[in-house]
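Novice: Before we start, here is the structure in question, set down as structure tokens.
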Ligand code: SF4
């Protein structure tokens with residue numbers, strides 16, 4: 001429903017974008033949302049009236065497809081289309097048409113400091129101005145639905161949004177420091193559910209590890225989280241089609257806990273009512289993946305999800321594993337890589353993907369062995385099994401790594417992309 005302009009604001013109480021993300025549409029649109037347009041900006045809100053996207057419509061805005069997005073963790077991320085478009089641009093590096101520019105330190109191969117670009121930062125001033133205008137017209141004679149939307153938006157001021165992100169962290173037991181790279185397929189819009197804390201290795205190079213030893217949660221804890229998450233998301237729950245079972249190594253938690261968490265969430269979050277193909281994302285480690293029995297993959301394959309399992313392989317070179325402090329032998333990493341290829345071929349609804357490090361100062365043998373591994377892989381699973389190259393956070397001159405990424409891509413039988421580490 002669109003209402004006649006009010007103080008030069010064009011208000012659409014509810015709009016329906018595509019149920020699933022269509023990667024070739026610009027700018028990115030999906031799900032149900034409300035929209036308010038001024039002559040210079042477009043503001044989109046989720047079904048709870050929380051600001052979600054801002055896009056400039058004025059001539060100073062860098063690109064009509066670019067926009068600011070507020071995450072559930074209350075970060076404002078700027079989506080850029082980059083400086084080259086088409087198949088040789090950002091999509092060839094990331095698999096998506098956008099590069100999310102983050103307001104916190106990460107491992108980006110491009111540094112785009114949107115915080116110092118006044119054309120983008122003016123959008124925040126425009127958001128404050130819009131909030132003031134809505135406050136001013138809340139008593140005016142308006143259609144009940146427009147009044148309802150304005151009241152929801154006013155309820156969700158910046159202080160409330162900050163508190164809500166804190167509440168989300170409380171429910172799941174801490175902020176998620178990293179999302180699996182495969183969550184790019186749902187624009188990183190996942191419902192997080194913690195099944196286990198900590199990880200097995202505590203690798204030296206890792207910038208996202210927690211201090212915890214690996215510890216699975218209890219069934220009761222998981223059920224309690226689901227209950228609280230359902231209340232937390234409220235009406236906007238219907239915009240989510242994906243579940244992330246956290247944290248760094250859920251495979252180690254075992255099939256019973258994973259199956260229980262995924263099934264209960266499917267039911268309670270009512271995925272069935274809105275999508276035939278919800279996504280399930282999780283991380284595994286080399287050891288938990290190798291010790292996982294067929295029973296687990298059979299069960300996952302029969303769940304009503306398409307499941308992505310992401311494994312940190314990092315390197316098939318002994319000296320590199322030692323240098324980055326990953327306590328694994330190279331033969332195990334190869335074994336996990338081969339198992340990934342097998343699982344991808346055997347199970348229609350499971351896709352295992354893998355990460356390898358890149359960065360200045362790594363031994364040449366790391367790149368030789370990686371190229372050989374990807375070149376000689378026996379791939380029988382179509383486009384399944386992406387390889388993600390993760391720039392080491394402290395590696396200087398990350399953009400200079402692009403020719404190297406190209407060389408690896410050219411030799412690989414599997415799709416190769418860059419992993420941008422993002423938190424929730
Ligand atoms: S890379 Fe994975 S296993 Fe290693 S410390 Fe980080 S989270 Fe833990």
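Novice: Is it true that residue 131 is at pLDDT 90 or above, assigned to a loop (DSSP other than H, G, I, E, B) and more than 20 Å from residue 240 (Cβ to Cβ)?
Specialist: Spelling it out, it is not the case that residue 131 is at pLDDT 90 or above, assigned to a loop (DSSP other than H, G, I, E, B) and more than 20 Å from residue 240 (Cβ to Cβ).
Novice: Is it the case, given these coordinates, that residue 149 is within 21 Å of residue 11 (Cα to Cα) and either modelled with pLDDT under 95 or not in a loop (DSSP other than H, G, I, E, B) (or both)?
Specialist: Criteria met by residue 149.
Novice: Hey, can you tell me all the residues within the stretch 235-246 that are assigned to a strand (DSSP E or B) and either within 16 Å of the ligand (Cβ to nearest atom) or more than 16 Å from residue 308 (Cβ to Cβ) (or both)?
Specialist: Scanning the stretch 235-246 gives 244, 245, 246.
Novice: Determine whether residue 373 is touching a residue at least 24 places away in the same chain (Cβ under 8 Å) and either in a helix (DSSP H, G or I) or under 23 Å from residue 109 (Cβ atoms) (or both).
Specialist: In short, yes.
Novice: Considering each of 301, 239 in turn, give the residue that is in contact with a strand residue (DSSP E or B) (Cβ under 8 Å, 6 or more places away or on another chain), closer than 25 Å to residue 421 by Cα and surrounded by fewer than 21 Cβ atoms within 10 Å (Cβ to Cβ).
Specialist: Of the residues listed, the single one that is in contact with a strand residue (DSSP E or B) (Cβ under 8 Å, 6 or more places away or on another chain), closer than 25 Å to residue 421 by Cα and surrounded by fewer than 21 Cβ atoms within 10 Å (Cβ to Cβ) is 239.
Novice: Return the pair list, or none, for Cβ contacts closer than 8 Å from residues in the stretch 198-210 that are farther than 18 Å from residue 320 by Cβ to residues that are more than 6 Å from the ligand (Cβ to nearest atom) and not in a loop (DSSP other than H, G, I, E, B), at least 6 apart or on different chains.
Specialist: The qualifying pairs are 198/213; 198/215; 200/252; 200/287; 200/288; 210/197.
Novice: If you check every pair at least six apart or on different chains, which have Cβ atoms under 6 Å apart with a residue in the stretch 306-321 that is closer than 30 Å to residue 241 by Cβ first and a residue that is in a strand (DSSP E or B) and within 10 Å of the ligand (Cβ to nearest atom) second?
Specialist: 309/284; 310/283; 311/284; 312/355
Novice: From (1) within 28 Å of residue 180 (Cα to Cα); (2) crowded, with 19+ Cβ neighbours inside 10 Å; (3) in contact with a strand residue (DSSP E or B) (Cβ under 7 Å, 6 or more places away or on another chain), pick out the condition that doesn't hold for residue 97.
Specialist: Unmet for residue 97, out of (1) within 28 Å of residue 180 (Cα to Cα); (2) crowded, with 19+ Cβ neighbours inside 10 Å; (3) in contact with a strand residue (DSSP E or B) (Cβ under 7 Å, 6 or more places away or on another chain): (3).
Novice: Please state which one of 343, 309 is within 16 Å of the ligand (Cβ to nearest atom) and modelled with pLDDT of 95 or more.
Specialist: Testing whether each residue is within 16 Å of the ligand (Cβ to nearest atom) and modelled with pLDDT of 95 or more leaves just 309.
Novice: Do we have residue 232 as within 16 Å of the ligand (Cβ to nearest atom) and in contact with a helix residue (DSSP H, G or I) (Cβ under 7 Å, 6 or more places away or on another chain) here?
Specialist: Considered against the rule, which asks whether it is within 16 Å of the ligand (Cβ to nearest atom) and in contact with a helix residue (DSSP H, G or I) (Cβ under 7 Å, 6 or more places away or on another chain), residue 232 comes out as no.
Novice: Moving on. Has the stretch 213-221 got at least one residue that is farther than 18 Å from residue 296 by Cβ, within 22 Å of the chain's Cα centre (by Cα) and surrounded by fewer than 22 Cβ atoms within 10 Å (Cβ to Cβ)?
Specialist: Looking through the stretch 213-221, none of the residues is farther than 18 Å from residue 296 by Cβ, within 22 Å of the chain's Cα centre (by Cα) and surrounded by fewer than 22 Cβ atoms within 10 Å (Cβ to Cβ).
Novice: For the stretch 186-206, name all the residues that are assigned to a loop (DSSP other than H, G, I, E, B), near the ligand (Cβ under 9 Å from one of its atoms) and either closer than 16 Å to residue 282 by Cβ or within 17 Å of the chain's Cα centre (by Cα) (or both).
Specialist: Correct list: 198, 200.
Novice: Answer yes or no as to whether residue 400 is touching a residue at least 24 places away in the same chain (Cβ under 8 Å) and closer than 18 Å to residue 205 by Cα.
Specialist: So residue 400 fails the test.
Novice: Right, next: Restricting to the stretch 170-185, name every residue that is more than 19 Å from residue 266 (Cβ to Cβ), within 15 Å of the ligand (Cβ to nearest atom) and buried (at least 19 other Cβ atoms within 10 Å of the Cβ).
Specialist: 176, 178, 179, 181, listed by residue number.
Novice: Enumerate the pairs (first residue in the stretch 45-65 and on the phi > 0 side of the Ramachandran plot; second residue anywhere and assigned to a loop (DSSP other than H, G, I, E, B)) with beta-carbon separation below 9 Å, excluding pairs fewer than 6 apart on the same chain, so at least 6 apart or on different chains.
Specialist: Sorted first by the residue in the stretch 45-65, then by its partner, the pairs are 49/156.
Novice: Being more than 30 Å from residue 387 (Cα to Cα) and surrounded by 19 or more Cβ atoms within 10 Å (Cβ to Cβ) narrows it down to one residue among 193, 229; which is it?
Specialist: None of the other options fit; the residue is 229.
Novice: Please find, among 322, 293, 276, 348, the residue that is within 28 Å of residue 191 (Cα to Cα), surrounded by fewer than 21 Cβ atoms within 10 Å (Cβ to Cβ) and out of contact with any helix residue (DSSP H, G or I) (no Cβ under 8 Å at 6 or more places or on another chain).
Specialist: It is 276.
Novice: Next question, about the same structure. When the stretch 272-298 is examined, which residues are found to be touching a strand residue (DSSP E or B) at 6+ places or on another chain (Cβ under 8 Å) and more than 16 Å from the ligand (Cβ to nearest atom)?
Specialist: Hits for the stretch 272-298 are 277, 278, 279, 280, 297.
The values are calculated or read from the model by the stated rules, or taken from the named source; none is laboratory data. None of these values were measured; they are calculated from a predicted model. Because the Cβ atoms are built from the backbone with ideal geometry, glycine has one as well, and the counts that use them run over all protein chains shown.
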